[in-house]
There are 2 protein chains.
Amino acid sequence: MKNASTHPVSARGPVDHEVRDQVVAAATEHFSRYGYEKTTVSDLAKAIGFSKAYIYKFFESKQAIGEMICANCLREIEAEVRVAIAETDLPPEKLRRMFKAITQASLRLFTQDRKLYEIAASAATERWQVVQTYEEHIQKMLEEILLAGRQTGDFERKTPLDETALAIYLVMRPYLNPLLLQHSYGFNPEAPMHLSSLVLRSLSP
Amino acid sequence: MKNASTHPVSARGPVDHEVRDQVVAAATEHFSRYGYEKTTVSDLAKAIGFSKAYIYKFFESKQAIGEMICANCLREIEAEVRVAIAETDLPPEKLRRMFKAITQASLRLFTQDRKLYEIAASAATERWQVVQTYEEHIQKMLEEILLAGRQTGDFERKTPLDETALAIYLVMRPYLNPLLLQHSYGFNPEAPMHLSSLVLRSLSP
């Protein structure tokens, strides 16, 4: 990796992408050991063996690196949730699994590592773009399940789709947002189960 | 008030109660100005003109004073919620008003005063007895509304009452718990309205 700084790569194309990934991988490890808030881009450059100027060629700020780390983390959660949803064809069961999977994946990623939690908490507090995109994806997934359930006749069709998806998202939010999750799940680990049941009752035709 | 320390009162009966109220009133004002965490019982005694020993006759610790302040605050919220519920005879409307009133009262009391928020946050984090009692009262209020709605035929009767009340409490919790409220309400001020509608759909017979 070190020779990357002596043999600059093109600023476009797949090679660019690879270097960004290298910086992000090294930064993830570094932040998870020394924390996100306290580390500067200079510290990071020194630790991973790139020059500071070289890092600034690919990321305009520390937050830009944090955003990519956060995006990777959120993409991982999304992937796990998609797998859980795909495991069944029954829309009500999809919804139950989605709620369970999103809580489990969020808990694991946000609490296994206090230092990564720090990045996630900054992202959530400052509402970084990656967080907004993630929220949109989760609501989109909910809409897809709702549509499927309306087609099978499992779910009611009177309430506007976007309104229903938003309300369910608001029920789930304390179990997927890092700032809320610790206070929500800690209060009652069976909460996602109870809430899924309530949501499903609200959807009955 | 000062002569209370030179003329000790009986340790029982209404007079005891009055002195406790005096200490709590003075402590509320003092904490709201100088903060709860940083103030010691000695600071407090000095500021309100009682001896430290005298305060310890009535409260075994600073937390005991904090608990009474917190209890007063929670009692105020409860009273406002009861008024809001009593304003209508229709159970679905009672539920809507309860959700709205509890959010508004909690927001006002926990956010109007950063220093009182500090006590409320300690109480919620450490799950003081007053907080547990409050949670029980709120769930009891919910059960009463649910029972009324089951009698009028507005609400379904299949789901066990305690399970339904707990699930609705879990939906409301991010809007009444001081640790969660700021992150919940800030995200979407219309959330309580959307969530009330979802809860009411879940209760339809």
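The values are calculated or read from the model by the stated rules, or taken from the named source; none is laboratory data. The shown structure was predicted, so the numbers you read here are calculated from the model rather than taken from an experiment. Here Cβ is always computed from backbone atoms with ideal geometry, including for glycine, and neighbour counts include all displayed protein chains.
Listed values, structure above:
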{"item": "Candidate set from region B:140-162 (those that are in contact (Cβ under 8 Å) with a residue 24 or more places away in the chain and buried (at least 17 other Cβ atoms within 10 Å of the Cβ)); member that is farthest from B:Leu200 (Cα to Cα)", "result": "B:Met141"}
{"item": "Some residue of region B:9-18 being at pLDDT 85 or above and acidic (Asp, Glu)", "result": "no"}
{"item": "Qualifying residue in region A:142-163 (condition: part of a helix (DSSP H, G or I), within 12 Å of chain B (Cβ to nearest Cβ) and either closer than 22 Å to A:Ala79 by Cβ or aliphatic (A, V, I, L, M) (or both))", "result": "no"}
{"item": "Tally of residues being buried (at least 21 other Cβ atoms within 10 Å of the Cβ) and more than 9 Å from every other protein chain (Cβ to nearest Cβ) across region B:176-191", "result": "3"}
{"item": "Residue check for B:Ser122: among the hydroxyl-bearing types (Ser, Thr, Tyr) and within 11 Å of chain A (Cβ to nearest Cβ)", "result": "no"}
{"item": "Matching residues in region A:81-101 - criterion: being without any contact (Cβ under 8 Å) to a residue 24 or more places away in the chain and either touching a His at 6+ places or on another chain (Cβ under 7 Å) or assigned to a loop (DSSP other than H, G, I, E, B) (or both)", "result": "A:Glu87, A:Thr88, A:Asp89"}
{"item": "Any chance A:Glu78 is without any contact (Cβ under 8 Å) to a residue 12 or more places away in the chain and in a helix (DSSP H, G or I)", "result": "no"}
{"item": "All positions within region B:71-98 that are closer than 15 Å to B:Asp21 by Cβ and surrounded by 17 or more Cβ atoms within 10 Å (Cβ to Cβ)", "result": "B:Ala71, B:Cys73"}
